[in-house]
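The block underneath contains the structure these notes are about, expressed in structure tokens.
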Amino acid sequence: MKKVIFTLAIGDNPMYQAAILSFKHYADKVGADLIVSDELHYPINIRDPHYGANPAWAEKLRIGELLKEYDRVLYLDADILISPSAQNIFKQYTDPMVVYMLNEGAICDRQCERQLIENKLGRLNWPMQCEDVIYYNVGVVLASQGCKLFDYADLAGLQSVCNHIRFYEQTFFNYQIFKNALKHKELATTYNRMDMFGKEGYLEADFIHYAGKGYAKNSRRRDVQFLKDFATLYDNILPRDKMEALKAHAWHDYLNVVCKKYPLPNWLIKQCCRWFVPH
């Protein structure tokens, strides 16, 4: 059975580089190929969107293309850190007809997203769980050739909604799953552990997702926190000089941002950062 891990990482962001190192370690462990896309393949026109929208989100459509070549595809956002002790997700979730994702609707109210896309594409019988809408996060997607999601989710569909709804590709994928009665099941939190679940014990998860501000005090510190955690988890597993170089890169980038933000002497800002920002 051919398996692949797929991600999109454009640029030399040190967080992406560290994430890819953890993906490679995991791919070797579970016997999967690793494909890292560093350019966009799905031209989508984002123009005056009502909500935040990124053309890179459309790249998840490549999952469908990869399923023509591979039996199973694991898509991961590039702000995810895989623990070196992570379990084999391919063995944990085996139904080839099912698409597996985390149900973030269990902890975040996603009625707004539902209403926005139903206003655009029509009402449907959206499934509920404990009076909350089921709404999957697409930062981690495990799909097999039997899954038909990408028969319905296409670029034209994304284009029709991208300027009008929140989290356009995520909300559109959810809508198509439910509209077409496709088989879907929830991943355990450990395979998409975001800070919405709290910070306690997050480094014990299999896939640690640093969406938004991640586990840092704010989004500016996210990459620094990611590299700090990466160095902790992969100490004595990956070359220390490589990890230290990535940490230094992330710290340098962070200092550049805060020095531009605050009208204070750079030396003072840097010293305060060394004192007060965990790195």
Checklist outcome for this item: Hull surface over four for the Cα convex hull of the chain, reported in nm², is 15.6
Checklist outcome for this item: Here, Asn218 and Ala181, labelled 7 Å along Cα→Cβ, have an inter-label distance in nm of 5.1
Item to check | Three-way shape call for region 1-40 based on the alpha-carbon gyration tensor, with the a/c threshold at 1.5 | outcome: oblate
Checklist outcome for this item: If the label point sits 7 Å along Cα→Cβ of Asp253, residues of region 65-91 with amide N under 13 Å come out as 78-80
Checklist outcome for this item: Checking region 21-98 for trypsin sites (Lys or Arg not before Pro) in a loop per DSSP with at most 13 other beta-carbon atoms within 10 Å yields Arg47, Lys68
Checklist outcome for this item: Listed by chain and number, the lysines with an alpha carbon less than 29 angstrom from that of Lys270, same-chain partners under 8 positions apart left out, are Lys199, Lys213, Lys217, Lys228, Lys242, Lys247, Lys260, Lys261
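Within region 74-156, which GluC sites (Glu not before Pro) sit in a loop by DSSP and count at most 14 neighbouring Cβ atoms inside 10 Å? Write down the numbers at each step before the final one.
Working: sites: Glu104, Glu113, Glu118, Glu131; in loops: Glu131.
Those satisfying the criteria are Glu131.
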Item to check | Net +/- balance of residues flanking Ser37 in space, Cβ distance below 9 Å, scoring K and R +1, D and E -1 | outcome: -2
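Between Ile107 and Asp71, take the C-beta separation as r, use R0 = 51 Å, and let me know the FRET efficiency to the nearest 0.05.
0.95
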Next on the checklist: Given the -39500 (n - 2.57) contribution per DSSP H run of 4+ residues, what per-residue ellipticity at 222 nm results for the chain, rounded to the nearest 500 deg cm²/dmol?
Outcome noted: -11000 deg cm²/dmol
Next on the checklist: Let me make sure I get this right: for region 1-126, a, b and c are the square roots of the gyration tensor eigenvalues over alpha carbons, sorted descending. Under 1.5 in a/c it's rounded, otherwise prolate if a/b > b/c, else oblate. Which is it?
Outcome noted: prolate
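If we sort 207-216, 169-178 on the protection proxy, mean other Cβ atoms within 10 Å, highest first, what's the order?
For the peptides 207-216, 169-178, the packing ranking is 169-178, 207-216.
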Checklist entry - Simple spin-label model, 7 Å along Cα-to-Cβ: His279 to Lys199 in nm? => result 1.8
Checklist entry - Considering only the other residues whose Cβ falls under 10 Å of the Cβ of His209, what net charge follows from Lys and Arg at +1 and Asp and Glu at -1? => result -2
Next on the checklist: Ordering Lys247, Lys260, Lys179 by accessible area with a probe of 1.4 Å, largest first, what comes out?
Outcome noted: Lys260, Lys179, Lys247
Item to check | Formal net charge of residues neighbouring His279 (Cβ-Cβ distance under 13 Å; K, R +1; D, E -1) | outcome: +4
Checklist outcome for this item: In whole percent, the fraction of accessible protein surface over the chain that belongs to carbon or sulfur atoms, probe radius 1.4 Å, stands at 49
Item to check | the chain: angle of helix 111-121 to the longest principal axis, Cα-based, in degrees nearest 10 | outcome: 50
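The values are calculated or read from the model by the stated rules, or taken from the named source; none is laboratory data. Predicted model only: the values in this text are computed from it and were never measured. Neighbour counts are summed over all protein chains in view; Cβ atoms, including those assigned to glycine, are modelled from backbone coordinates with ideal geometry. The protein model used for the area step is the full one, side chains on, heavy atoms only, and it has no ligands, DNA or RNA in it. Shrake-Rupley method; radii C 1.70, N 1.55, O 1.52, S 1.80 Å.
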